[in-house]
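The values are calculated or read from the model by the stated rules, or taken from the named source; none is laboratory data. Just so we're clear, the structure is a prediction, and the values are computed from it rather than from any experiment. Here the Cβ positions follow ideal geometry from the backbone for every residue, glycine too, while neighbour counts run over all protein chains shown.
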Amino acid sequence: MSSCPRRMNALSKKGRSPKSSKLVFVHKIADLSSRGDIEAITELLKGYWKDKKTYPWHKLYAIIETQWEKENPDKDIQETLVLLRDAVFGALEMLSLSLALNIPASEVLKMVCKGESWKDGRRLTRAECSTLAKELIDKGDLDNLIPSALERDGMGFLLASLHEAHLKTFKMARPKAKEGKLDLKALSRTMHGRRLLRERAITGSSAIEADSVAAGILETYDDLILELEIADASGIIPVESTEQITLNGKLVEDSADKMETHRAKEPTPDVQAPLTEYLTGAAKSSREKPRKHKTSKKKRSKKSLNKKKGGRN
């Protein structure tokens, strides 16, 4: 009897609910998310298609809604909800969209669970979320879309349109001189503008005196515009917009690149011809030897037979 209170106290000290809690699965996912163990979370999510009772992902938020106040009346739920969101987006390899998309994690989870399998649910959800991300890009809502993060998550096909949108907003944010000052507010709201201000060691986003420093900022701005336009014209973008992803989220290689790689591995005609002749000659000689051996064997047996016959006669 005395061990039970100690066990309850130990669990409460760790911030976990007792085994009888209906929030055990919720706390388990949140705990894994807090430790950054996305691989373990992914395995739990895959388990949904094996045993829905053991892995009740489809009831996850319903359980929270009905049980949280009963079991954790004094605990703030926000931290747990953030951890669950990271868990869902992380398992789907879409952490780059967790902050950018204004969609509840519960809705994302519903999309996944509608799939006939883990791969099917994952594919459908990633496709829908990438469409929502493209809509953000078209609207110019770019603040939380990080190119390197998108590419890491296998969504590099969005980078071309994202690059174009960033360039457009940067062009529209050219600093303007007014009343002897250069206004930097619009520039500081753009990704390339913040980069420019960092390079020029300009802190803050307020206006500055229209002096030599301001002139240097405008010159750097024009140079950067030219650099970005040249990169755009040259197609120097990490992943082209025509790229697609496979079911597991990996980028599909361009067919031209595949053909080029294949051709590079093929031996040249000058090397192939002698090699073929050598192999053919070796094959012929290996086939000829047994025939010679068999023929000589027959001849020897025939001669010996004749000798025997002659001796008997």
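Collect the residues in region 22-48 that are among the aromatic types (Phe, Trp, Tyr) and buried (at least 18 other Cβ atoms within 10 Å of the Cβ), keeping them in residue-number order. Write out each step before concluding.
Narrowing region 22-48 to residues among the aromatic types (Phe, Trp, Tyr): 25, 48.
Answer for region 22-48, where residues must be among the aromatic types (Phe, Trp, Tyr) and buried (at least 18 other Cβ atoms within 10 Å of the Cβ): just 48.
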Inset, instruction - Give just the number: which of (1) over 22 Å from the mean Cα position of the chain (by Cα); (2) free of Cβ contacts under 8 Å to residues at least 12 places away in the same chain; (3) part of a loop (DSSP other than H, G, I, E, B) does residue 65 not satisfy? - result: (3)
Legend entry - Lone unmet requirement of (1) out of contact with any Gly (no Cβ under 6 Å at 6 or more places or on another chain); (2) of a type outside the set (D, E, K, R); (3) in a helix (DSSP H, G or I) for residue 145: (3)
Inset, instruction - Return yes or no: is residue 91 closer than 23 Å to residue 40 by Cα and in contact with a Lys or Arg (Cβ under 8 Å, 6 or more places away or on another chain)? - result: no
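Hey, among 209, 219, 227, 199, which residue is under 29 Å from the mean Cα position of the chain (by Cα) and of a type in the set (Asp, Glu)? Don't jump to the end; show me each part of the working.
Working: 209 fails: under 29 Å from the mean Cα position of the chain (by Cα); 219 fails: under 29 Å from the mean Cα position of the chain (by Cα); 199 fails: under 29 Å from the mean Cα position of the chain (by Cα).
Only one candidate qualifies: 227.
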Inset, instruction - Kindly indicate whether any position in region 127-142 is at pLDDT 95 or above, buried (at least 20 other Cβ atoms within 10 Å of the Cβ) and among the basic types (Lys, Arg). - result: no
Inset, instruction - Return only the number of the condition from (1) surrounded by fewer than 18 Cβ atoms within 10 Å (Cβ to Cβ); (2) out of contact with any Ser or Thr (no Cβ under 6 Å at 6 or more places or on another chain); (3) in contact (Cβ under 8 Å) with a residue 40 or more places away in the chain; (4) part of a helix (DSSP H, G or I) that residue 122 does not satisfy. - result: (1)
